[in-house]
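Student: Please see the structure below; I have some questions.
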């Protein structure tokens, strides 16, 4: 995971360094006065960090009653988010992102299909983002971004089998959150559609709409 994050970060840095002078030369000095400085957007992404950290690894654990329990079913909502960008130049912006995602997981005693408890996970993620546009032609533009922040992880568990020993435990904690994306594609002018791929807490694939003004 760290190697992948490093490669994505290195790709973003390389693209930014190569394109900075070339892109700046495309703009007339008047463009630096008239460009849109604000952007608001709505987006949806999946799979999320929750999906990658539970569905793929399928972790088991030993509960307080001494028995081993394993995940038996997963349901995910993906992550819905809204955000804002402020453009410091025609090809660079700083912004913020707020995303909400949820998941449901059922746990059963190892070797059986008897579900003992269910876990409902809600996470709220806030990120500060830096965004670079490295190619633009007509209504199309390609960009990359990096983000860092915090996520609030709230895991509440409920026993399903009545009268059984309570082996569940609620968890609420803060986690460091990040996202790196080498490819963000946007089409449009004032109103636009976008999609991107990346690694982190926004989801591997994202799509949405944005408005610039």
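The values are calculated or read from the model by the stated rules, or taken from the named source; none is laboratory data. In this text, all values refer to a predicted model and were calculated from it rather than measured experimentally. No Cβ is skipped: glycine too gets one built from the backbone with ideal geometry, and neighbour counts run over all protein chains shown.
Student: Give 104, 94 a once-over and let me know the one that is surrounded by fewer than 18 Cβ atoms within 10 Å (Cβ to Cβ) and modelled with pLDDT of 95 or more.
Tutor: On the way: 104 fails: modelled with pLDDT of 95 or more.
Only one candidate passes the filter, namely 94.
Student: Of the residues that make up the stretch 137-154, is at least one touching a residue at least 12 places away in the same chain (Cβ under 8 Å), farther than 28 Å from residue 42 by Cα and surrounded by fewer than 20 Cβ atoms within 10 Å (Cβ to Cβ)?
Tutor: Here is the first cut: in the stretch 137-154, the residues touching a residue at least 12 places away in the same chain (Cβ under 8 Å) are 139-154.
Narrowing further to those that are farther than 28 Å from residue 42 by Cα: none.
No.
Student: Please go through the stretch 121-139 and pick out each residue that is within 19 Å of residue 180 (Cβ to Cβ) and at pLDDT below 90.
Tutor: Keep residues of the stretch 121-139 that are within 19 Å of residue 180 (Cβ to Cβ), which gives 123, 125-135.
Of everything in the stretch 121-139, those that are within 19 Å of residue 180 (Cβ to Cβ) and at pLDDT below 90 turn out to be 134, 135.
Student: Check 127, 139 and return the single one that is under 22 Å from residue 98 (Cα atoms) and in contact with a strand residue (DSSP E or B) (Cβ under 9 Å, 6 or more places away or on another chain).
Tutor: On the way: 139 fails: under 22 Å from residue 98 (Cα atoms).
That would be 127, the only listed residue that is under 22 Å from residue 98 (Cα atoms) and in contact with a strand residue (DSSP E or B) (Cβ under 9 Å, 6 or more places away or on another chain).
Student: Would you say residue 119 is surrounded by 15 or more Cβ atoms within 10 Å (Cβ to Cβ), in a loop (DSSP other than H, G, I, E, B) and more than 19 Å from the chain's Cα centre (by Cα)?
Tutor: Values: surrounded by 15 or more Cβ atoms within 10 Å (Cβ to Cβ): yes; in a loop (DSSP other than H, G, I, E, B): no; more than 19 Å from the chain's Cα centre (by Cα): yes.
In short, no.
Student: Looking only at the stretch 169-196, count how many residues are over 15 Å from residue 138 (Cβ atoms) and not in a strand (DSSP E or B).
Tutor: 2
Student: If I filter the stretch 27-43 for residues that are touching a strand residue (DSSP E or B) at 6+ places or on another chain (Cβ under 7 Å), surrounded by 13 or more Cβ atoms within 10 Å (Cβ to Cβ) and either modelled with pLDDT under 60 or in a helix (DSSP H, G or I) (or both), do I get at least one hit?
Tutor: The answer is no; no qualifying residue exists.
Student: On the basis of being modelled with pLDDT of 90 or more and either touching a helix residue (DSSP H, G or I) at 6+ places or on another chain (Cβ under 7 Å) or buried (at least 20 other Cβ atoms within 10 Å of the Cβ) (or both), does residue 175 make the cut? Spell out how you get there, then give the answer.
Tutor: Numbers: modelled with pLDDT of 90 or more: yes; either touching a helix residue (DSSP H, G or I) at 6+ places or on another chain (Cβ under 7 Å) or buried (at least 20 other Cβ atoms within 10 Å of the Cβ) (or both): no.
Taking the combined requirement at face value, the residue does not satisfy it.
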